[in-house]
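The values are calculated or read from the model by the stated rules, or taken from the named source; none is laboratory data. Please read all numbers here as calculations on a predicted model, not as lab measurements. With ideal geometry, Cβ positions are generated from the backbone for all residues, glycine too; neighbour counts draw on all protein chains shown. Remember, those area values only see protein heavy atoms, side chains included, never the ligands or the DNA or RNA. Shrake-Rupley method; radii C 1.70, N 1.55, O 1.52, S 1.80 Å.
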Amino acid sequence: IDLGGTHLSFGSNAKGIVVRGVTFMGAKSSSLTFHHHGAEAVFEDCVWIGNSGMNNAGAVADLNSTSSVSFFRCEISDSKQMPRVVGYGNPGVSSSLTIRN
């Protein structure tokens, strides 16, 4: 999947979801969003390449809920997926996964 926005968004009715063998590329916001409580999703053998995430949101996943998400044999490279800016106390650096409640 090569899209500029969020690739997949999960709501409270997303139960027993399994995503296998997908490459996620180019998201300018988080690739996956879980903003509603109760979603259950598993990702197996997936790859994330060149996703950026907005502001402090994770490039790969933004979990702002009590959802259950598991990653098995997935490749998630660098901390924010896009080229890093190195500097002391850089507030623009965040991680690939953002988990909030």
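Heavy atoms of the protein chains alone define the surface here; on that basis region 1-41 has 52 Å² accessible area per residue at 1.4 Å probe size. A full extension of the chain between VAL42 and ARG20 corresponds to an added length of 7.1 nm, given 0.36 nm per residue minus the alpha carbon distance.
Put simply, the amide H of PHE71, placed in the peptide plane, has neighbours under 5 Å in PHE43, leaving out anything fewer than 5 places away on its chain. For a label point 7 Å from the Cα of ARG73 along Cα→C-beta, name the residues of region 25-54 whose backbone N is under 18 Å from it. So the set is 42-48.
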